[in-house]
Amino acid sequence: IGDKWTEKFEIQAKASQTVNQPIQMLRSYELTNVEGNIATIRARTTIVTPTSDPEILSQLVDKTPSGTIEFDLQQGRLISRTFKVDEKVVGAYGPQTLLTADGQSTERLVDPKSIPRVSAKPQNPSPK
């Protein structure tokens, strides 16, 4: 518990219609808990490249999620992850504008046997 590691990566933001600007990003991870075979990891994504351009920042609001990952150590696979975004950019679409991004996504591993099967053929087509 307490182990930390990072992942650097680059994305492209449109600086103009013909020019892309490379933006350096950093995803940080921290092991926060191990209970039985389940490891809980906190993740956070930040922008490394300095920029104050609202047009560039508006393209990055959904690229900076933070959240939690649960990993099954015995099976070596992800069980769930929940990420949230809560960002605001003043002037994103011109003076006196405000862009707000507020959302959450959750993914969970499910047992394939628990998913109902759907038949490809219609059971009893209704007469017309």
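The values are calculated or read from the model by the stated rules, or taken from the named source; none is laboratory data. Just so we're clear, the structure is a prediction, and the values are computed from it rather than from any experiment. Positions of Cβ are generated from backbone atoms using ideal geometry, with glycine treated the same way; all protein chains shown enter the neighbour counts. Heads up: the accessible areas ignore ligands, DNA and RNA and are worked out on the full protein's heavy atoms, side chains in. Shrake-Rupley method; radii C 1.70, N 1.55, O 1.52, S 1.80 Å.
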Asp62-Glu35 pseudo-label distance in nm [points 7 Å out on the Cα-to-Cβ vector]: 3.2
Mean separation of Cα contacts under 8 Å, 6 or more apart, over the residue count of the chain: relative contact order %: 16
At 1.567 mPa s and 4 °C, Stokes diffusion of the chain via Kirkwood alpha-carbon radius, µm² per second: 72
Built amide H within the under 5 Å cut-off of Ala15, gap 5+: Asn20, Gln21
Convex hull volume per residue in cubic angstrom - Cα atoms of the range 32-91: 89
Per residue Cα convex hull volume in Å³ - calculated over the range 12-59: 90
Ordering of 10-19, 64-73 by packing [mean C-beta count within 10 Å, highest first]: 64-73, 10-19
Residue-wise HN-Hα coupling along the range 31-43, computed from phi with Karplus coefficients 6.51, -1.76, 1.60 (Hz; x: Gly, Pro): 6, 9, 6, 9, 10, x, 9, 9, 9, 10, 10, 8, 10
Förster-model FRET efficiency, 35 Å R0, Leu73 and Thr49, C-beta, rounded to 0.05: 0.50
Residue-by-residue Karplus 3J(HN,Hα) for the range 77-89, coefficients 6.51, -1.76, 1.60, Hz, glycine and proline x: 8, 6, 9, 7, 8, 10, 10, 10, 10, 8, 10, 9, 10
Heavy-atom accessible area per residue - the chain, 1.4 Å, Å²: 75
Carbon plus sulfur fraction of accessible area for the chain, probe 1.4 Å, in percent: 50
